[in-house]
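In what follows, a single structure is set out as structure tokens and then discussed.
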Amino acid sequence: MSSTTSAASSAAESESTLIIIYTPEGGEEERYDARKLLSSEASIVSRTVDMRWAEIKARLVEDDLDAMRGVVWVMKKRTNPTLRYGDFDPGVDEMVTRFDQREVANYVTEVLKVKATDEDREGALRELESNAADPDAAAILIKEMTDGGPKAEAVESPTSTSSEPSI
């Protein structure tokens, strides 16, 4: 990881919770946003995986299997209340985390603040694009923010009322 990616990642991780994409073998892709958990659900995840909520959020960024499994399990229980944790055992390659549009915007803002060569900055932004829940939308947002387009001004303006769609 380049120093640009590392510095931006550290800043973005402090407030990031990610989209968890679960694709069971032979099944349809399912997306879960950890920000949508209720506090009672976050407590259940914390107790189940034996981590504090702050640690779970930090470990989601690292694609930690226990953190992802706990969040997805609790969210699946909304529609399947009898689902037991031991019965939800996805394969190691069936879950990944990705940034939503708000997180992409935050990350781009941090990358642009870091002193780096254009090559390092471009590499960090390419990596970000590939780690977005919607890579096409991320590419557009990155272009707008790095070209000084309307979204760059909206993200930078503290009084802006625009909001980024969440994926």
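The values are calculated or read from the model by the stated rules, or taken from the named source; none is laboratory data. In this text, all values refer to a predicted model and were calculated from it rather than measured experimentally. Using ideal geometry, Cβ is built from the backbone for each residue, glycine included, and neighbour counts are taken over all protein chains shown. Surface areas here come from the heavy atoms of the whole protein model, side chains and all, with no ligands, DNA or RNA. Shrake-Rupley method; radii C 1.70, N 1.55, O 1.52, S 1.80 Å.
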**Report entry** Close pairs from the range 22-39: first over 18 Å from residue 57 (Cβ atoms), partner open to solvent by less than 80 Å² (accessible area, probe 1.4 Å) and in a loop (DSSP other than H, G, I, E, B), Cβ under 7 Å, at least 6 apart
**Finding:** 23/94; 24/90; 24/94; 25/91; 25/94; 29/23
Query raised in the report: Which of the residues that make up the range 23-36 are open to solvent by 20 Å² or more (accessible area, probe 1.4 Å) and under 14 Å from the mean Cα position of the chain (by Cα)?
Result: 31, 32, 35, 36
Report summary line: Among the residues of the range 114-140, the number that are of a type in the set (D, E, K, R), in contact (Cβ under 8 Å) with a residue 12 or more places away in the chain and over 26 Å from residue 32 (Cβ atoms) is 2
